[in-house]
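The values are calculated or read from the model by the stated rules, or taken from the named source; none is laboratory data. This is a predicted model, so every value here is computed, not measured. Here Cβ is always computed from backbone atoms with ideal geometry, including for glycine, and neighbour counts include all displayed protein chains. Ligands, DNA and RNA are stripped out before the accessible areas are found, and what is left, the full protein with its side chains, is counted by its heavy atoms. Shrake-Rupley method; radii C 1.70, N 1.55, O 1.52, S 1.80 Å.
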Amino acid sequence: MSEYSLIKRKLIDNINSPEDIKKLTNEQIAQLASEIREMLIQVVSRNGGHLAPNLGVVELTLALHKVFSTPEDKIIFDVGHQSYIHKIITGRRKEFNTLRQYRGISGFPKISESKHDAFGTGHSSTSISAALGMAIARDLQHENYNVIAVIGDGSMTGGMAFEALDNAGNLHKKLIVVLNDNEMSISKNVGAMSKYLYRLRTGEIYTKIKGDFEGWLKSMDFGQDVLKFIQRVKGSVKYLMIPMSVFEELGFTYLGPIDGHDYNGMVKLFETAKRINGPVLIHVLTQKGRGYKPAEENPNKFHGTGPFEIATGKKIEMDNPPLTYTEVFGKTIIKMASADEKIVAITAAMPDGTGLTPFAEKYPERFFDVGIAEQHAVTAAAGMAVAGLNPVVAVYSTFLQRAYDSVLHDICMQNLHVTFCLDRAGLVGDDGCTHHGVFDYAYLHSMPNMTIMAPKDENELRHMLFTALDHDGPIALRYPRGYGLGVAIDEDIHTIPLGKAEVLKYGSDLSIWALGTMADMAVKVAEKLASDNISAAVVNMRFIKPIDKDLLLEHAAKYKTIAVIEEGVVLGGAGSAVLEIINDSKYIPKVYLFGIPDKFVGHGPREQLLKDIGMDADTIANKIKSEKLD
């Protein structure tokens, strides 16, 4: 441990609750902020996590806990990846080293984890809605506490945030919204709201005019009286020179912008906000990654990061790793776009995370980042498809859930050719239940006209993307987070016959059907069964819709036992699709379903989570051995 740590850690070691913050002097707060940043850097460098967002809100979080008193007062962190400081000072400091680790504390707020976590979050733009709901409940139950929503400027690009602002302004409930404006979400913010906030941030013309005008008035004998009158009427002379804030038009009292690293200034402003009987929006300017040079210089890289070297900021990775599925997708779509100028790519504030940044650089006029607005992204893609383009919507599986109605109503109902590339499908590991992409098979499977496929490896991903772009109708391609299997990549790309499975291994005793990431798992299961003289066929399903019905019925006739393995929820998933077909046939094999059970899976290493739910090769093989020939 550094000399700095030995000297300075004494203060943070005594912070066990928010009440301890209230006792500190300004000098101690500055010291605590430094210590917290050091703790953040040390823990995230080992465990991975969201570093840059948290480094930017240290003083902001301390000021919130100075003025407000949780759990009586309710603080809701939008998305929640910036809640690490909140966790440290609300009784979880000693456990903070377990952040995002198996059976450790979550990287997001969870009401089951602490009474100080007022609302569980993980997806963006929800905090104001939840805060307004709490404010309504408070008033109906004649209680008296403060409700504060902390939302980033990136999350303010989501339509749900504005629905909530509109409703809150109309109801005029006592509510505080803290807009944490760091000009970033995960990637650089885009859109009109970002530009509007920039004008509020900079306001150089207004500031100069305001200063000159106030100085001129003060120099006149009657100037002070006029100035006081103007301030009484509108609170500031800015209303003489610029339009009212859009937030005030929506019914909020707008305070700011204020430096989000000025602890004293924020404390005073929060105290003022507490006294206002109605909705208030406080505009706070912060620096993402503050206090750690690599994160300040590359906030994108350190938004969500794996383990890294503190001295250099260099990510710790295996030597000569295979390409990730995301990288393969990014390279392949560029190749496809070079041959088809109608291909366009759409993402919702995640060009880096979805692998589309190289596409955006090569084809900027064909790339569209719509901000954190998945529903809009999907319906905009529908409009593009109607007008003759070939749109690809690249989004994390967990975030497409937010656009369910758009996929169903605007794409599938009109049978439009839109390709959905669902990254981070399946269990994603340390981010936990809010980010696991395990529901897409089930909900997309129920949509008429939808085609759904998943590759067994990164090479098959390329062929499936080519197939999807050549398809006529809605089609979803889902693939996992992280590295591929390291298989050889074909030079040529070809289409895959629609709805046709692939037999990976022939066997005589039973048939294992697997989809996507589980195809490799199925091969391992078959190898374990072979050691006990059980011969299992293995089928790479490729498609959940349409399923290869002919091959499935052939196997239903041949084998007494069929096992289905999928990295998605069992209810309504690939196994259900298999059962539906067999149920309508004359065959009656025993069918075993292996998938995500009817519960939310926590966070931890993917391999450990699979083992916990009985989805590891040993457990599956033992289950089949014990029951298959009964």
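For Pro294, neighbours were defined as the other residues whose beta-carbon sits under 15 Å from its Cβ, and their charges (Lys and Arg +1, Asp and Glu -1) total +3. Note on the chain: with neighbouring protein chains present and a 1.4 Å probe, carbon and sulfur make up 52 percent of its accessible heavy-atom surface. The residues neighbouring Lys115, those whose beta-carbon lies less than 13 Å from its own, together hold a net charge of 0 under the Lys/Arg +1, Asp/Glu -1 convention.
Grab the Cα-Cα distance for Lys623 and Glu365, subtract it from 0.36 nm times how many residues apart they are, and report the gain in nm with one decimal.
Computed gain between Lys623 and Glu365 is 87.6 nm.
The residues neighbouring Asp431, those whose beta-carbon lies less than 10 Å from its own, together hold a net charge of +2 under the Lys/Arg +1, Asp/Glu -1 convention. In nanometres, what is the gap between the two model label sites at Ser531 and Ile316, each 7 Å from Cα along Cα-to-Cβ? So the two model labels end up 3.1 nm from each other.
The peptide list 256-263, 138-145, put in order of mean Cβ contacts within 10 Å with the highest first, becomes 256-263, 138-145.
A cut-off of 5 Å between modelled amide H atoms, ignoring neighbours fewer than 5 places along the same chain, links Ala563 with Ser511, Ile512, Trp513, Tyr592.
Among [x] 26.7; [y] 33.9; [z] 26.0, find the value of Kirkwood radius over Cα pairs in Å that was calculated from the structure presented, and write down its label. Computed from these coordinates, Kirkwood radius over Cα pairs in Å corresponds to label [x]. Quick one: length gained pulling His494 to Lys586 fully straight, 0.36 nm per residue minus the C-alpha distance? Answer, rounded to one decimal: 29.5 nm. Taking amide H positions as modeled 1.01 Å from N, with prolines and chain starts lacking one, the residues under 5 Å from Ile596 and 5 or more places away or on another chain are Gly568, Val569, Val570. The helix-based estimate of mean residue ellipticity at 222 nm for the chain, built from -39,500 (n - 2.57) per DSSP H run of four or more residues and divided by its residue count, is -11500 deg cm²/dmol to the nearest 500.
Taking GluC sites (Glu not before Pro) across the stretch 451-543, the ones in a DSSP loop with at most 13 further Cβ atoms lying within 10 angstrom of their Cβ are Glu491.
Too long at a 24 Å Cα-Cα cut-off: which of Lys10/Lys110; Lys10/Lys115; Lys315/Lys456; Lys456/Lys500; Lys74/Lys274; Lys22/Lys293? Distance filter (> 24 Å) returns Lys10/Lys110; Lys10/Lys115; Lys315/Lys456; Lys22/Lys293. Think of each Lys and Arg Cβ as +1 and each Asp and Glu Cβ as -1; about the Cα centre, that makes the dipole of the stretch 554-607 roughly 240 debye. For the chain, the longest principal axis of the Cα atoms and the long axis of helix 127-140 meet at an angle of about 70 degrees. Against the chain, whose longest principal axis is taken from its Cα atoms, helix 3-12 shows a tilt of about 80°.
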